[in-house]
Amino acid sequence: MKKDIHPAYYPESTVTCACGNTFLVGSTKPKLDVEICFACHPFFTGKEKLVDTGGRIEKFRSKVAAKTGPKAKKVRAASEKKSKKIA
């Protein structure tokens, strides 16, 4: 191995999960923050849990609401009238 090119290794790095669970692992970083761990992951716990990363569900719902809302219907109706006049 070449000297001075490898990162420092921490045999007891602290991992902190969003659920509050903490445990030790070996890593090249002294502290790690994770969103989901073995204590709260649905595969290991057997419980169904909705994991929303980055607000994807809210973003999807807002897109659907924008396309099906009353304002969207008016826009669609106006564009259909324009297309009928052109044809």
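Any read-out appearing in this document is the output of simple, stated calculations on the displayed coordinates, not a laboratory observation. Quick caveat: nothing in here was measured; it's all calculated off a predicted structure. Using ideal geometry, Cβ is built from the backbone for each residue, glycine included, and neighbour counts are taken over all protein chains shown.
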Seminar exercise, completed: For the table 29/59; 47/67; 2/31, the rows whose alpha-carbon distance is greater than 29 Å are 29/59; 47/67
Exercise. What nm value, rounded to one decimal, do you get for the distance between residue 16 and residue 56 when each label is placed 7 Å out toward the C-beta?
Worked result: 2.6
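Provide Rg over Rh for segment 1-47; use the alpha carbon set for both Rg and the Kirkwood Rh (inverse mean inverse pair distance). List each step's numbers first, then the result.
Values: Rg = 14.1 Å, Rh = 12.2 Å.
Taking Rg over the Kirkwood Rh, I get 1.16.
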Seminar exercise, completed: Ordered by number, the trypsin sites (Lys or Arg not before Pro) in segment 1-41 that occupy a DSSP loop and have at most 11 other Cβ atoms within 10 Å are 2, 3
